[in-house]
Amino acid sequence: MSRDWRAAYEQVAVTVLDGAPAARPLLAGFNTCVDHVYRLEPPGLDRLTPAAQAAHEPLAALSGEPLAALSGEVLRRILDGRDGEVFVPAPQLRPALDELLGPPAARQVGGTGAQAAWVLAVLNAPSVLALADRSTEQLAVLHPGIGLCDDGSVRPVAGTAARGTPIKPPHYILEYAAGTRWHAGTVRRSSRIIVRLAEDGIERDDTFAALGPTLAETAGAGLVSGLNGVPDADHAARAWLRDLAASWRASGLPWVHLELAEYPRPGALAEVSAAYAGIAHTLGLSLAELAIIRPGGDPAAAARELAEHYRFDRVFVHADTWSLVVHRGDPEPAAGALRIGNLLAASRARHGGPTADLGLDPTVTFTDDRPVGRPLGDGWRTECVPTPYLSRPAATIGLGDTFVAGVLLAGCLDVPLKPFVRLSPGDIP
């Protein structure tokens, strides 16, 4: 079977650009931070090597030489083709890490909710972000059009006065490109590693929470994320966020989405999913995260197990070259949400940041090596759509968050998704 995926994504771009300004707002949180972004070229990789060679124990031990253990973990992941988050509860490492890495290539906003809000703001789609940290440093990296709650109303970042000082260390984003050669080998896969030096907690924005039920009446979707930054002992923060998400659903918000992430403790992915059973309509996670919570086998079958076990209506999974959703509804809207998420992520990969230029790079490819869309039994089915894939993207940070933004934008659009080219039943991907 052949399909003109490029033409299909051009059609999606028109739908998004035409509909975004009239979309219903996205409510988003809850882990906003400042990212220091580094592009690891051969000299940077070479600087990490001597530090890594000084390590005498695994990263988890954190005694002795934590900087060496951290460097070793980063290099192992790069050589193995793995990415994800590395959590080292050692904020005292910041000066040494700054010296080792040098000046960042960029400083930008971090956190899934904030990244999603940034993506939508660039498209002139509305969003409201939970933000307790109103420091100059944090506000400076936010898009001026993102909405914040202040004095009982929503106003843009551009109209919000800074106050307070930052209490969180920055996140270190280490990006690397496939094919980069250095003395220890060749980078296998373009991706990024996120280094966190502290458990940041959540953005416990009480003004946002107070306005939540009112905002939910007219919003299109709500995004819950950032629970991997909450200390296990902080039960109050977890309860606050869970109650807020439950109030969204009780107020009629049509779509509450829980986005997972990499957690430092085994079992946390399942615990978070269980905590939002019956509250979140949908779950989102990467293929790597799916393999942790449901190891081995077919990803569509594993995603269906998650949906049934934790009572989610849909589960979205994003990988490098494809994305899929398991659901029990109309295939077209489900696949349409995937296409919007894929397109926005591909556009960001091409340009290095959120963009309204949704044209495809001439070098993108569309894989045929992906899960097959099909019925899964008991009314469940899966749709799987290839991503416009770039082997050497301009940036990799935020691509998963951008995919999430696109999927949720599909639910916020006030215009219907234009029909995709229909295939015969035997050709459904």
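The values are calculated or read from the model by the stated rules, or taken from the named source; none is laboratory data. Bear in mind that the values here come from a model prediction, so they are computed numbers and not experimental data. A quick note on method: Cβ atoms are made from the backbone with ideal geometry, for glycine too, and the neighbour counts reach across all protein chains shown. Note: accessible area is taken over every heavy atom of the protein model, side chains too, but ligands, DNA and RNA are not part of it. Shrake-Rupley method; radii C 1.70, N 1.55, O 1.52, S 1.80 Å.
Please work out how much length the chain gains when fully extended from Asp330 to Glu85, using 0.36 nm per residue of separation minus the C-alpha to C-alpha distance, in nm with one decimal. All intermediate terms of the calculation are to be shown ahead of the outcome.
On the way: separation 245, 0.36 × 245 = 88.20 nm, distance 3.49 nm.
Residue separation times 0.36 nm, minus the Cα-Cα distance, leaves 84.7 nm.
Any chance you could run the full-extension gain for Asp18 through Asp378? It's 0.36 nm times the residue separation minus the Cα-Cα distance, nm to one decimal. The partial results should precede the final answer.
Working: separation 360, 0.36 × 360 = 129.60 nm, distance 3.70 nm.
Taking 0.36 nm per residue and subtracting the Cα distance, the gain is 125.9 nm.
May I ask you to work out the translational diffusion coefficient for the range 343-405 at 37 °C, viscosity 0.692 mPa s, via Stokes-Einstein with Rh from the Kirkwood sum over Cα pairs, reported in whole µm²/s?
253
Restricting to DSSP H runs of at least four residues, report the calculated mean residue ellipticity at 222 nm for the chain, -39500 (n - 2.57) per run over all residues, nearest 500 deg cm²/dmol. List each step's numbers first, then the result.
Details: 13 runs with 155 residues, N = 429.
It comes out at -11000 deg cm²/dmol, rounded to the nearest 500.
Using the Cα centre as the reference, give the magnitude of the dipole from point charges on the C-beta atoms of the range 85-145 (Lys, Arg: +1; Asp, Glu: -1; all else neutral), rounded to the nearest 20 debye. Mind dumping the intermediate values first?
Numbers: 3 positive and 5 negative charges, 32 e Å.
Once rounded to the nearest 20, the dipole reads 160 debye.
I'd like the distance separating the alpha-carbon centroids of the range 70-118 and the range 213-254, in whole Å.
The distance from the Cα centre of the range 70-118 to that of the range 213-254 comes to 27 Å.
Quick check for you: with a 1.4 Å probe and neighbouring chains kept, what is the accessible area per residue of the range 255-373, in Å²?
On the way: 4250 Å² over 119 residues.
With the other protein chains kept in place, the range 255-373 gives 36 Å² per residue.
Let's test the formula: R0 of 51 Å, r as the Cβ-Cβ distance of Asp234 and Asp361. What FRET efficiency results, to the nearest 0.05?
Working: r = 43 Å, r/R0 = 0.84.
Once rounded, the FRET efficiency stands at 0.75.
Sorted from largest to smallest, which semi-axis lengths in Å does the alpha carbon gyration tensor of the range 182-236 give for its equivalent ellipsoid, taking the root of 5 times each eigenvalue? Let's see the in-between values first.
Values: eigenvalues 267, 66, 12 Å².
One finds semi-axes of 37, 18, 8 Å for the range 182-236.
Tell me whether the range 121-262 comes out rounded, prolate or oblate; compute the Cα gyration tensor, take square roots of the eigenvalues as a ≥ b ≥ c, and use a/c under 1.5 as the rounded threshold.
Working: a/c = 1.80, a/b = 1.67, b/c = 1.08.
Since a/c reaches 1.5 and a/b is larger than b/c, the shape of the range 121-262 is classed as prolate.
What are the trypsin sites (Lys or Arg not before Pro) within the range 70-163 that DSSP puts in a loop, where the Cβ has at most 11 other Cβ atoms within 10 Å?
Working: sites: Arg76, Arg77, Arg82, Arg107, Arg134, Arg163; in loops: Arg82, Arg134, Arg163.
Within the range 70-163, the qualifying trypsin sites (Lys or Arg not before Pro) (loop, at most 11 other Cβ atoms within 10 Å) are Arg163.
Could you tell me which trypsin sites (Lys or Arg not before Pro) in the range 181-281 are loop residues by DSSP with no more than 15 other beta carbons within 10 angstrom of their beta carbon?
Values: sites: Arg181, Arg188, Arg189, Arg192, Arg196, Arg204, Arg238, Arg242, Arg249; in loops: Arg188, Arg189, Arg204.
Passing both the DSSP loop test and the Cβ count: Arg188.
With both bridge residues required to lie in the range 231-340, what share of the DSSP beta bridges run antiparallel, to the nearest 5%? List each step's numbers first, then the result.
Working: 4 of 12 bridges.
Close to 35 percent.
Among DSSP beta bridges whose residues both lie in the chain, state the antiparallel percentage, nearest 5. Let's see the in-between values first.
Details: 30 of 58 bridges.
Of the beta bridges lying entirely in the chain, close to 50 percent run antiparallel.
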